[in-house]
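Q: Sending over a structure as C-alpha cells; questions will come in a sec.
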Amino acid sequence: MVLMSGVHASLALPAWARDFAPSDLDTLNELGVNLTDVEKDLKDLKSLRDTKDSSAERRNLIASAARRFMDPAAFMTTPELIARDGYPVEVHKVETDDGYILEVHRLPNHASKKPPVYLQHGILCSSSDWVIAGPEKGLAYILHRLGYDVWMGNFRGNRYSRAHRDHDNMHPDRNVRQFWDFSFHEKGVYDVPATIDHILQETAHQDLLYVGHSMGTTAFFVMLSERPAYNTKVRAMSALAPVSVMTQVQSPLLRVAALLSAPLSAAANLVGIREFLPNNLLFTLVGQVLCKEKAITQSLCYNIMFLCTGFNSPQLNLTLLPTLLAHMPAGASVKTLTHFGQLIRSKTFRRYDYGMVRNMWHYGSVHPPAYNLNNVRVPVSLHYSDNDWVAGPADVHNLYNMLPNRMGRFRVKLPEFNHVDFLWGVDAPSLVYDTVTEILESQAARNPGRR
C-alpha cells in the first residue's frame, strides 16, 4: 500500500499517527513503512505481552514486526536473493573429510561448455558477497551472463555451514570446544578440496576456475601447499585482495588484535567462547536502524568497517549498507582470528602456533612450519589496491615473487580502492571484474591439459 501524505492522509492513518507532520509521513513513505501493518503489529505485540507464549514465539513475532520497517533483502538467504533477482539457483550440501557439512550455492548453467567457476568468500563473510550488490554489479551474476556455471562456497562456521555429520558430539552450540577448533588451515585442507571435488563430480568437468577474496585466497594457497595433487583440478586462480604474508597491515583494529591475539585467545578459551561475530537477528536489526540512509549514526557504521579495510566512502553504496551488515558478519571461529593475528606478529605465512611445547607435539618442531608456496603450480593472477589496509601492495608483491606460475599483478587504477571494494565497490565491475573476466575467458579457452 502506498501511503499518501497531506490533508487526505489522515483518512487512512491509525489514530496514533494522525498527528504526524506531512514531512514525517513522506519520510515513512520513502522508507516503505506501511502504518496499517504497523498498527497490526502493535496490537499483536500487546496481545503477546499478556500471554504466556514461549520466548521463541515472541522473538519470531518481534522479527516479523521489524521486517515491515526494513529492506526485505536483509532477511533473505543467498538463494532467496538470487531467486528474487530472477536467476536460477541450487543448494548443495558438501561433506568434508573431517565431517563438516558445507552449504554451496550454485547459479547453474547446465549447457555451458566452459569450466565451472568456484567463488570463495573471505573471513566473516558468506556466499552473499558475490550477489548482494545486485545483477549489474555482483560478480556471480556477471559470470553467469557470460555463460559460466557459477558455484559459491561457504566455509565451515559461517551462517550456512554450521553442521557436522556427528551431530551429537559436534554441535556448534553444545560442543563449542570441539566444533570450533579450526582456523583457515582446516578450511584450506578440507573445505576447499571437498567443494572442488563436489563441483567437478556434479559437472563432469576435469578442472575449474577459482576466484577467491581475502581468506578465500589464503585457504587456496594452504590447500595447494598441503595437498598439491589439487593443482590438476584448478585451471587458473584469480586472487582478489590476496592474503598470505602480512607485514604491511595498516588497520589499527587488526594490529591491536594481533598484539593481543594470545591473551584474547586464552581468555576466550577460559570462558568457553570459540565463535566470533555470528550472524544473528540483533546485528540485522541494529544495522537496519542505525546504518540506514539518512540515519545520523550511519557514518559510525561505515567508519568502523573502514577502520579494518581502508577508508573509501565514495565506493560504498550507502543505500546498500544496512543490507550488507545484515549478511556480514556471517560468523567465524576465534581460532581463525587468532591465526591471522599470528601471521601479522610473525610476518610469516605458516601454520597455527600452539606454543613451543604443543608445537613439538603437533609438528615435531618448536616453531610451526611455513606453507610451501612452491607447491602452488596453478596459474595465478593477483588483483590488489593501494588503499587495502589488510593486503598491502608490498605484501602482494612479495607473494607474487614466491609463486612459481604467475599470470600477472593487476593494480586497481583508483588509489582509494579498499579491501571490501573488490566485492561491493560501486565501480568494481569496471575497475576489477572486467580484468578478471578477461583472464577467465582466456583460461576457459585454453586446453585443460596445458599449463
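The values are calculated or read from the model by the stated rules, or taken from the named source; none is laboratory data. These figures come from a predicted structure and were not determined experimentally. Virtual Cβ from ideal backbone geometry, glycine too; neighbours counted across all protein chains shown. Areas reflect the complete protein model, heavy atoms only, side chains present, ligands, DNA and RNA absent. Shrake-Rupley method; radii C 1.70, N 1.55, O 1.52, S 1.80 Å.
Residue-by-condition table, conditions (1) modelled with pLDDT under 95; (2) open to solvent by 10 Å² or more (accessible area, probe 1.4 Å); (3) in contact with a strand residue (DSSP E or B) (Cβ under 6 Å, 6 or more places away or on another chain); (4) not basic (Lys, Arg):
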residue: Met70; (1), (2), (3), (4): yes, yes, no, yes
residue: Leu81; (1), (2), (3), (4): yes, no, no, yes
residue: Asn154; (1), (2), (3), (4): no, no, yes, yes
residue: Arg162; (1), (2), (3), (4): yes, yes, no, no
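Q: Does Ser381 satisfy the condition of being touching a residue at least 40 places away in the same chain (Cβ under 8 Å) and touching a strand residue (DSSP E or B) at 6+ places or on another chain (Cβ under 6 Å)? Don't jump to the end; show me each part of the working.
A: Values: touching a residue at least 40 places away in the same chain (Cβ under 8 Å): yes; touching a strand residue (DSSP E or B) at 6+ places or on another chain (Cβ under 6 Å): yes.
Here the answer is yes, as Ser381 does meet what is asked.
Q: Based on what the data block shows, is Ser346 at pLDDT 95 or above and more than 25 Å from the chain's Cα centre (by Cα)?
A: In short, no.
Q: Take the conditions modelled with pLDDT of 95 or more and not in a loop (DSSP other than H, G, I, E, B) and apply them to Lys114. Does it pass? Working first, answer last.
A: On the way: modelled with pLDDT of 95 or more: yes; not in a loop (DSSP other than H, G, I, E, B): no.
No.
Q: Considering only residues that are open to solvent by 10 Å² or more (accessible area, probe 1.4 Å) and touching a helix residue (DSSP H, G or I) at 6+ places or on another chain (Cβ under 6 Å), look in the range 231-245 and name the one that is modelled with the lowest pLDDT.
A: Filtering the range 231-245 for residues that are open to solvent by 10 Å² or more (accessible area, probe 1.4 Å) and touching a helix residue (DSSP H, G or I) at 6+ places or on another chain (Cβ under 6 Å), the one modelled with the lowest pLDDT comes out as Val245.
Q: Evaluate the following for Asn401: is it loosely packed, with under 14 Cβ neighbours inside 10 Å, of a type outside the set (Val, Ile, Thr) and free of Cβ contacts under 8 Å to residues at least 24 places away in the same chain?
A: So Asn401 fits the description; yes.
Q: Another question, then. For residues that are surrounded by fewer than 24 Cβ atoms within 10 Å (Cβ to Cβ) and not in a loop (DSSP other than H, G, I, E, B), tally how many sit in the range 164-185.
A: The total comes to 6.
Q: If we scan the range 385-398, do we find a residue that is closer than 30 Å to Asp207 by Cβ, surrounded by fewer than 16 Cβ atoms within 10 Å (Cβ to Cβ) and of a type in the set (A, V, I, L, M)?
A: No; the residues of the range 385-398 include none that is closer than 30 Å to Asp207 by Cβ, surrounded by fewer than 16 Cβ atoms within 10 Å (Cβ to Cβ) and of a type in the set (A, V, I, L, M).
Q: Report yes if some residue within the range 355-365 is touching a residue at least 24 places away in the same chain (Cβ under 8 Å) and either buried (at least 21 other Cβ atoms within 10 Å of the Cβ) or more than 21 Å from the chain's Cα centre (by Cα) (or both); otherwise report no.
A: no
Q: From the list Arg156, Arg145, Arg177, which one is farther than 25 Å from Phe422 by Cβ and of a type in the set (D, E, K, R)?
A: So the residue among Arg156, Arg145, Arg177 that is farther than 25 Å from Phe422 by Cβ and of a type in the set (D, E, K, R) is Arg177.
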